[in-house]
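> My structure is below; once you've seen it, I'll send some questions.
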Amino acid sequence: MTNISNLQKILKEGKFAVTGECGPPRGANTQIINKKANLLKGYVDAVNVTDNQTAIVRMSSIAASAHLIKAGCEPVMQMVVRDRNRISLQSDILGAWSLGIKNILCLSGDHQTFGSQPDALNVFDIDSMHLLRTVKNMRDEGKDMSGFNLDDPPRMFIGAAANPFADPFEYRVIRLAKKIDAGADFIQTQCIYNMDRFTKWIKLAHEEGLTEKVYILAGVTPLKSSGMAKYMKNKVAGMDVPESVIKRMEGVPKEKGAEEGIKICLETIAKLRETKGVHGIHIMAIEWEEKVAEIVQKAGLTPRPLS
């Protein structure tokens, strides 16, 4: 197999990338993955596969990624350090590469107290920064953490997450720089509703020369209702939903909420396409994959380069 992923190729060629998201099922039903793949195929360049998101048991991200490949979609396999020690992490990275998975997103993972089994033990043997460096060393040096030479090292395209909206704001760009230094090739951001704050963050990153060292994919999530906007503002950690967005969603009839949410999403994408340092978007349509095609088409981002 070729080492370079479609996502990496598109970004390397300077094209504006589009990625989507697929949450694996709470069970072993592969038809759920195939259905989501069919909705996303041809409209995104790669699909994030979450790793037991919100600390709830789901099909493994490795298996779901392998099913996506069979369905004709390129996966971005998420891997969290919450559930695995360093031996298991490295083993799963090798296994994923052997299955044709070429992109990885290294994350800490939601704490188990937020999930359905809060008494479960966490691991956090290493943190997400160390995981980035581990994957980079396995790829570039061809060695595992013990210094053992690897036969066919995993030459993955390595990603990390960034939240421009967390506090303290001044530390956000410093942390971004650390993730780049640790090995991140691309960054996916928290979903953006506060465009002013995001613009300030990306400007600082650009001034530090970071946007020349890493590909930044800006996160967008279409709102379904004013209730969803309020929930994300008040209940989701690290989320910044301005009051103006909530008022706008409240200002339309309930049956028009989803339509207005997509309008806001499209307006955000248009601004992001004009923002220096943004290399693409990551559409997190949470269990709303059927709207991704509409969003990508209306944003003028079709046809995709390699679809």
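The values are calculated or read from the model by the stated rules, or taken from the named source; none is laboratory data. For clarity, every value in this text was computed on a predicted model and none was experimentally measured. Here the Cβ is made from the backbone with ideal geometry for all residues, glycine too, and neighbour counts use every protein chain on show.
> Looking only at the range 109-121, filter to residues that are touching a Lys or Arg at 6+ places or on another chain (Cβ under 8 Å) and surrounded by 15 or more Cβ atoms within 10 Å (Cβ to Cβ); which one of those is nearest to Gln8 (Cα to Cα)?
First pass over the range 109-121, keeping only residues touching a Lys or Arg at 6+ places or on another chain (Cβ under 8 Å): 109-112.
Then drop every residue that is not surrounded by 15 or more Cβ atoms within 10 Å (Cβ to Cβ), which leaves 109-110, 112.
Working: Gly109: 24, Asp110: 27, Gln112: 32 Å.
It comes out as Gly109.
> Right, another one. Got at least one residue in the range 69-76 being out of contact with any Ser or Thr (no Cβ under 6 Å at 6 or more places or on another chain) and within 18 Å of Gly183 (Cβ to Cβ)?
yes
> Output the residue which, of all residues in the range 253-278 that are without any contact (Cβ under 8 Å) to a residue 12 or more places away in the chain and under 22 Å from Lys203 (Cβ atoms), is surrounded by the most Cβ atoms within 10 Å (Cβ to Cβ).
Glu267
> Filtering the range 141-171 down to residues that are surrounded by fewer than 18 Cβ atoms within 10 Å (Cβ to Cβ) and among the acidic types (Asp, Glu), which residue is modelled with the highest pLDDT?
Glu141
> Among the residues of the range 1-30, write down those that are aliphatic (A, V, I, L, M), more than 20 Å from Gly100 (Cβ to Cβ) and assigned to a loop (DSSP other than H, G, I, E, B).
Of everything in the range 1-30, just one residue is aliphatic (A, V, I, L, M), more than 20 Å from Gly100 (Cβ to Cβ) and assigned to a loop (DSSP other than H, G, I, E, B), namely Ala28.
> State yes or no: is Glu141 of a type outside the set (A, V, I, L, M, F, W, C) and over 20 Å from the mean Cα position of the chain (by Cα)? Spell out how you get there, then give the answer.
On the way: of a type outside the set (A, V, I, L, M, F, W, C): yes; over 20 Å from the mean Cα position of the chain (by Cα): yes.
Considered against the rule, which asks whether it is of a type outside the set (A, V, I, L, M, F, W, C) and over 20 Å from the mean Cα position of the chain (by Cα), Glu141 comes out as yes.
> Now for a separate question. If a residue has to be within 18 Å of Lys276 (Cα to Cα) and buried (at least 16 other Cβ atoms within 10 Å of the Cβ) to count, how many in the range 198-221 make the cut? Don't jump to the end; show me each part of the working.
Applying the first criterion (within 18 Å of Lys276 (Cα to Cα)) to the range 198-221 yields 198-220.
When the remaining residues are screened for being buried (at least 16 other Cβ atoms within 10 Å of the Cβ), the result is 198-199, 201-202, 204-206, 210-211, 214-220.
Residues in the range 198-221 being within 18 Å of Lys276 (Cα to Cα) and buried (at least 16 other Cβ atoms within 10 Å of the Cβ): 16 in total.
> Another one. More than 23 Å from Ser128 (Cα to Cα) and either surrounded by fewer than 22 Cβ atoms within 10 Å (Cβ to Cβ) or under 18 Å from the mean Cα position of the chain (by Cα) (or both): which single residue out of Thr54, Thr2, Thr19, Thr50 fits that description? First the steps, then the outcome.
Details: Thr54 fails: more than 23 Å from Ser128 (Cα to Cα); Thr19 fails: more than 23 Å from Ser128 (Cα to Cα); Thr50 fails: more than 23 Å from Ser128 (Cα to Cα).
Going through Thr54, Thr2, Thr19, Thr50 in turn, the sole match is Thr2.
> Is it the case, given these coordinates, that Ile69 is over 30 Å from Glu274 (Cα atoms), part of a helix (DSSP H, G or I) and within 16 Å of the chain's Cα centre (by Cα)?
no
> Now, a different point. Among the candidates Lys271, Lys254, Lys213, Lys233, single out the residue that is at pLDDT below 95, within 22 Å of the chain's Cα centre (by Cα) and over 18 Å from Val47 (Cα atoms).
Exactly one residue qualifies, and that residue is Lys233.
> Is there any pair linking a residue in the range 53-74 that is more than 30 Å from Pro118 (Cβ to Cβ) to one that is assigned to a helix (DSSP H, G or I) and not aliphatic (A, V, I, L, M), with Cβ under 6 Å and at least six apart or on different chains, and which?
Close Cβ pairs (under 6 Å, with a partner that is assigned to a helix (DSSP H, G or I) and not aliphatic (A, V, I, L, M)) amount to Ala71/Asn34; Glu74/Asn6.
> Take Met138 and decide whether it is among the aliphatic types (A, V, I, L, M) and part of a loop (DSSP other than H, G, I, E, B).
Numbers: among the aliphatic types (A, V, I, L, M): yes; part of a loop (DSSP other than H, G, I, E, B): no.
Against the criterion (among the aliphatic types (A, V, I, L, M) and part of a loop (DSSP other than H, G, I, E, B)), Met138 does not qualify.
> Something else about it: Is there any pair linking a residue in the range 116-127 that is in contact (Cβ under 8 Å) with a residue 40 or more places away in the chain and assigned to a loop (DSSP other than H, G, I, E, B) to one that is loosely packed, with under 11 Cβ neighbours inside 10 Å and not polar (S, T, N, Q), with Cβ under 7 Å and at least six apart or on different chains, and which?
Here the result reads none, with nothing in the range 116-127 linked to a residue that is loosely packed, with under 11 Cβ neighbours inside 10 Å and not polar (S, T, N, Q).
> Moving to a separate point now. Determine which single condition Met59 fails, assuming it passes every other condition in (1) part of a strand (DSSP E or B); (2) over 21 Å from Val296 (Cα atoms).
All conditions are met except number (1).
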